[in-house]
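Single-structure report; data block below.
Read-outs: derived from the displayed coordinates by stated rules, not from any lab. Remember, it's a predicted structure, so these values are computed and weren't measured experimentally. Cβ placement follows ideal geometry from the backbone for every residue including glycine, while neighbour counts extend to all protein chains displayed.
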Amino acid sequence: MNYLRCNNCGYLNEVKTEYQTFCTNCNKKLDNNFSSWHQNHPDKDFSEFIKSNCVTDEELSIDKRTKSKPKRGLTYWIGFIIVFGIFYLIGNYSGVSVSGLFSSDKTPKKVLTQEWVHGSYGEPSLIVDTPEKLTKSELPLPENIKQLIKRIDSYNSTSKNGFSISINCITYIPDVGTLSLQGAADGSIKEIRSKVGVTDFAYTEKEINYGDIPGFLQNVTCKMDGKDCEFINVGYSSGLSIWQVIVGFLSDDEVGRSAALRVIKSIEIKK
């Protein structure tokens, strides 16, 4: 089955027809419905809409994983879906956007030789080295999602010269239960892939660790409005907290690539 997430309440609506317009949970219009999407993609059909915008059972790991692993408690799947939805929404409002991220020239060489900022972000703190101090931003999350979050901190780079950086730190309330790091990973990928203008999408993913804190590292390649782009997306999770660092750069921007790798290698988590 395929599901379309309501951007108002976060509910996953089973998609059965291209004429589906309203959320079955909150009864508000689905602003990401096929009709609206098709206006920006007149050369694509319903099957391509499903592929680029909907969540499948496999991505939710409901069918595939429960067949091969012991059955999980309800709180696990609640945590999985919440994390997926949060990171999907973060992608929509972070500094990583088609229109703004890659509209500038390549990263200037002075970025690699200038003094960088050793900054602390969020609580519990994520410490990262960046060319400039990142700016805190507010994410317009739905009220039902806000109620599940104890604290959320989002930061973005403001420079338009070359690569872009976004940092997100989230701590959930205990009622959420067990969080799913894979939900965060899948939500991030789904968001980048579904952006208007994105084609030739591919990515690799592997498990990483910061001490005893598990994480993931994703390397994404794609075209954005015809430009060859890359992202490095890193996420870690401990208890009820999740941290994410995502950097993006043009594929032929070697200075941007070097700077992005330096950012990722500098990541520290202060428990």
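Things to note:
- For the pair Phe201 and Asn27 in one chain, pulling the backbone fully straight at 0.36 nm per residue adds 59.4 nm over the alpha carbon distance.
- Rounded to the nearest whole angstrom, the semi-axes of the ellipsoid equivalent to segment 112-271, taken from the Cα gyration tensor as √(5λ), stand at 25, 19, 15, largest first.
- Among the listed pairs Lys44/Lys195; Lys44/Lys223; Lys223/Lys270; Lys28/Lys136; Lys29/Lys227, those beyond 24 Å (Cα-Cα): Lys223/Lys270; Lys28/Lys136; Lys29/Lys227
- Long-range HN-HN contacts of Val15 with modeled amide H, under 5 Å: Asn2, Tyr3, Leu4
- Environment charge of Asp175, counting only residues whose C-beta is closer than 14 Å and scoring Lys/Arg +1, Asp/Glu -1: +2
- For segment 218-271, the Kirkwood estimate of the hydrodynamic radius, built from every pair of different alpha carbons, is 12.3 Å.
- 14 Å beta-carbon shell around Leu261, net charge (K/R +1, D/E -1): -1
- Candidate aspartates and glutamates - alpha carbon under 17 Å from Lys150, same-chain residues fewer than 8 apart omitted: Glu123, Glu138, Asp175
- For Ser258, Ser241, the sequence from fewest to most other C-beta atoms within 10 Å is Ser258, Ser241.
- Look at Thr21, Thr113 and count the other Cβ atoms within 10 Å of each Cβ; fewest to most, that gives Thr113, Thr21.
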